[in-house]
1. Taking the condition among the hydroxyl-bearing types (S, T, Y), within 16 Å of the ligand (Cβ to nearest atom) and out of contact with any Asp or Glu (no Cβ under 7 Å at 6 or more places or on another chain), does T426 pass?
2. Could you please find all residues in the range 360-375 being touching an Asp or Glu at 6+ places or on another chain (Cβ under 8 Å) and assigned to a loop (DSSP other than H, G, I, E, B)?
3. Tell me yes or no: at least one residue of the range 137-158 is closer than 16 Å to V79 by Cα, in contact with a helix residue (DSSP H, G or I) (Cβ under 6 Å, 6 or more places away or on another chain), crowded, with 21+ Cβ neighbours inside 10 Å and assigned by TED's automatic domain parsing to the domain that holds A92.
4. If P325 satisfies every condition in (1) buried (at least 19 other Cβ atoms within 10 Å of the Cβ); (2) within 11 Å of the ligand (Cβ to nearest atom); (3) of a type outside the set (V, I, T); (4) at pLDDT 90 or above but one, which is the exception?
5. Report whether or not P335 is over 26 Å from T622 (Cβ atoms) and either modelled with pLDDT of 85 or more or crowded, with 22+ Cβ neighbours inside 10 Å (or both).
6. What is the residue count in the range 544-563 for residues that are more than 16 Å from the ligand (Cβ to nearest atom) and surrounded by fewer than 17 Cβ atoms within 10 Å (Cβ to Cβ)?
7. If I filter the range 376-388 for residues that are in a loop (DSSP other than H, G, I, E, B), within 16 Å of the ligand (Cβ to nearest atom), modelled with pLDDT under 90 and crowded, with 19+ Cβ neighbours inside 10 Å, do I get at least one hit?
8. Only residues that are surrounded by fewer than 19 Cβ atoms within 10 Å (Cβ to Cβ) and either closer than 21 Å to L145 by Cα or assigned by TED's automatic domain parsing to the domain that holds L95 (or both): list them for the range 19-36, please.
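The values are calculated or read from the model by the stated rules, or taken from the named source; none is laboratory data. None of the values given here were measured: they were computed from a predicted structure. Quick reminder, even Gly has a Cβ in these numbers, built from the backbone with ideal geometry, and neighbours come from all protein chains shown.
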Amino acid sequence: MIARPPSELPTELSAFVATHFAGRASNPDRLIAESWYRSVHEHGLDPTQPASHVQLEQHEIRVHQEEHHDFLAIASQGVEGLSRRLNPAGFAVLLSDHRGITLDARLPGQHSPYADSGLVVGSCWDESLVGTNGIGTGLAACQPLIIHRDEHFFSSNAMLSCSVAPLFDAQGALMGCLNASCLNSGGPKQAQYLTLQLVSLYARLIENASFRQRYASCAMLTLGGDAGDLGNERLVALDATGRVLGANRAAFVATGQDRALMGEAVQDVLSMSLDELITLTHGGQRSASLRLAGGPALEVTLRMPATAARRARNERGLSVVPAEPTLEHLAGEDPGLQRSVQKLRRVLDRDISLLLTGETGTGKEAFARAIHQASVRATGPFVALNCAAIPESLIESELFGYRAGTFTGASRQGMKGKLEQANGGTLFLDEIGDMPAHLQTRLLRVLAERELVPLGGATPVSLNVQLVCATHRDLPAMVAAGEFREDLYYRLNGLTVRLPALRDRADRVGLIRRVLQREAGDEHVELTAEATERLTAYGWPGNVRQLINVLRCAVALADDGMIGLDCLPPEVMSVPNEQPPVAQSLETTRDAAEAALMQSTLEQHGGNVTSAARSLGINRATLYRKLHRYGLAALRT
Ligand SMILES: Nc1ncnc2c1ncn2[C@@H]1O[C@H](COP(=O)(O)OP(=O)(O)OP(=O)(O)O)[C@@H](O)[C@H]1O
């Protein structure tokens, strides 16, 4: 049967469909026809040929999931909820990253037919590889859609009907998509609309969970709508001064604004300052009714971060502690750090690259964020890239981006690299010592010329970025050993700030108290003298991050508001008090101690990397990387 394109298809597209898809039963709408067109003319695919299928190997899946660990963790509840509803009806539920590679797959009882169709973790559904399909086309079109049966580009996928919704982060960047697929659905495409509604609802819930997590330490406004419509929650995150740090998509629609809302003062959006909102909502304990310019009245609630809420209550409502710690908060009472912060403030906004050094968990990223907040670029983006956490082969495209059609498997519309994403703001390059040599040269050129030509692109993009780099490695030694470019080192190192290990901080006791206070929130919790002594003497290889985890757990275990020795984990109790002797090479000694600690912690946790990492206060990716570096094998995850 000849496909008859609907009349709204432009003539060229109609002719294309009639020529290439003459045998299809369905009448494609414009979105599908455009995807078919791209598949043929941009991706060079032929619908009469067999589809190629890319499936990652097990070890690649592990790396891929590690790389997307945070996204997976935040999305898994949504994936679980959706699959609980859809698996019994015969749908497979999949989560993919922004390149169309699946990260999670929940299949109905009968696994094999779904697995045979590639509905498994680690399969690549990028449109440029498999043509029109739910995940790939949903990502390419950046909108919810259904790809029903023979709307799939290749006939080998034509037994699938897929409903998909893209997922965006708080900055509007594509994180991935959520997809529900069924096999051999005999009904018409319209029969899938309800499934699409459900998938879109869960996609909103995942986006909102990600938004709340991203801005957990900030004041959060909810602009009421329909109380029963959870997927339509409108969220706006504010900094301590009442400036908009981020807003979810529903909030943009409700306020009739676009992304320019970022950095606006809340009174310009709601005609009310943050202080007035705090007063009106009694420090966030009640909702209030507000009218947006010319719009209907909205029920507004305000959630204050725990410490801010407490302080707002104590001081009758008007002042808030900063949502994200400032440089001064991070420096605490450590005189060396206080001096470093004074220097930092003097060089800010003068186009000087900053280098932060220190062991894992000493607060390098927290400092980088505080530097961003203290700079004139605070209303611009803060973009981070950890050079050690992603495979070497991906660093180049992640950092410099690529334009459409640069390589097979690349996303159709190209991708803005982190450098370009950070334009007008701050780029934080963590673990810069792990930057591969050939990319060091390219980075140096970009920094010197202040412009960037993405892979496959012809037009340079001019850059205005504050660069903050961090490393736990000894860069001068790497330069001496020829492992790091000397000229790049000097370009990055306008000012170096060394963040001391927790055990070396002069304000150790105060910092432990401050972190405890923050973790305890409104609860009244104290440390016994023995617990204080133990925590102060302990070596803290995971530094502040480890301290936070230990105290979070201790607060939960505390009886009658007292944290005693029994609330502390074995590693804090078992490692001797003495500091390692200063040897010829501090770094070698530190590495040896770190390797020994990691091995013993892994053994204590029966080889379970997740719980060993948690108890060390570092993330799984960092532990994997270090195990690899020290040649220690993980037993199981
Ligand atoms: N001075 C501080 N006061 C309170 N919290 C802090 C301080 N420094 C760091 N933190 C917290 O400790 C945790 C770890 O900090 P961060 O991620 O910045 O460390 P890092 O040096 O970048 O670690 P890595 O090298 O492993 O990436 C974060 O939750 C951060 O907010």
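1. Working: among the hydroxyl-bearing types (S, T, Y): yes; within 16 Å of the ligand (Cβ to nearest atom): yes; out of contact with any Asp or Glu (no Cβ under 7 Å at 6 or more places or on another chain): yes.
Considered against the rule, which asks whether it is among the hydroxyl-bearing types (S, T, Y), within 16 Å of the ligand (Cβ to nearest atom) and out of contact with any Asp or Glu (no Cβ under 7 Å at 6 or more places or on another chain), T426 comes out as yes.
2. Passing the criteria: only S375.
3. No - not one qualifying residue is present in the range 137-158.
4. It is condition (4) that P325 fails.
5. Values: over 26 Å from T622 (Cβ atoms): yes; either modelled with pLDDT of 85 or more or crowded, with 22+ Cβ neighbours inside 10 Å (or both): yes.
Against the criterion (over 26 Å from T622 (Cβ atoms) and either modelled with pLDDT of 85 or more or crowded, with 22+ Cβ neighbours inside 10 Å (or both)), P335 qualifies.
6. 6
7. Going through the range 376-388, the residues in a loop (DSSP other than H, G, I, E, B) turn out to be 380-381, 387-388.
Right, trim to within 16 Å of the ligand (Cβ to nearest atom) and you get 387-388.
Within this subset, residues satisfying the condition of being modelled with pLDDT under 90 are 387-388.
Going one step further and asking which of them are crowded, with 19+ Cβ neighbours inside 10 Å, we end up with 387-388.
The answer is yes; a qualifying residue exists.
8. Of everything in the range 19-36, those that are surrounded by fewer than 19 Cβ atoms within 10 Å (Cβ to Cβ) and either closer than 21 Å to L145 by Cα or assigned by TED's automatic domain parsing to the domain that holds L95 (or both) turn out to be A25, S26, N27, D29, R30, L31.
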